[in-house]
Amino acid sequence: MGKRTRIINDPSDLVPLLRTFGSQTHKKVFDYLLIDWFTEKELKENLDFDIEDSLNILKKSGLIESKWRMPEAGKTPEKEYHTSYSKIQVNFQCSIEDLSDLIEITFGNDNEYRDIIEQIEKEVIDGNQSMTGLSRAIGTSPLHLRGIARRSNNLVVKGQRIEYSGAENDK
């Protein structure tokens, strides 16, 4: 099966990508999904460790896709997963200072970024979703803000906006 190439034009897209492949667990799940389509149950059985976090970060990175597996009559359909891309093409230019900030965001301790992520989430929930408005409110550059948002499980960067995708958004 031919695979697609993921084109990265925004340096902040490196944050979830490097977080994914900086973990042996996430990389094992990704490598396994390169082979074929698998359900969460099949992955748990074959990999023998909890794969929920790996699936979440792979979804957030846009590296896997899902579809419904049609079951035998009378059984419930299950979601199955497979990798979306087998190649990456990076096409951006940024300062070394910005790149070093993004690398720091990527590999920093979760506790270091908890407060700023919560601050961004609060602003977004309160209606401040524009990158410019958030940048002013938080006091950081848009690139830094996008990098931190891409690190969060509850925030989604969509162009020049950040949206909240957590449980409160499901109302």
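Table for the structure above
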quantity	calculated
Residues satisfying the stated conditions in the stretch 18-52, i.e. among the aromatic types (Phe, Trp, Tyr) and either in contact (Cβ under 8 Å) with a residue 60 or more places away in the chain or within 21 Å of Pro77 (Cα to Cα) (or both)	Trp37, Phe38
Matching option when the condition is more than 27 Å from Phe30 (Cβ to Cβ), surrounded by fewer than 14 Cβ atoms within 10 Å (Cβ to Cβ), acidic (Asp, Glu) and modelled with pLDDT under 90, among Asp110, Asp115, Asp170	Asp170
Any hit, the stretch 22-38, residues being modelled with pLDDT under 90 and of a type in the set (A, V, I, L, M, F, W, C)	no
All positions within the stretch 53-89 that are of a type in the set (Val, Ile, Thr) and in contact (Cβ under 8 Å) with a residue 24 or more places away in the chain	Ile57, Ile64, Thr83, Ile88
Qualifying positions in the stretch 65-93 - surrounded by 15 or more Cβ atoms within 10 Å (Cβ to Cβ), within 17 Å of Pro16 (Cβ to Cβ) and in contact with a helix residue (DSSP H, G or I) (Cβ under 6 Å, 6 or more places away or on another chain)	Tyr81, Thr83
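The values are calculated or read from the model by the stated rules, or taken from the named source; none is laboratory data. Please read these numbers as outputs of a predicted model, since none were measured by experiment. Note that each Cβ is placed from the backbone with ideal geometry, even for glycine, and that neighbours are counted across all protein chains shown.
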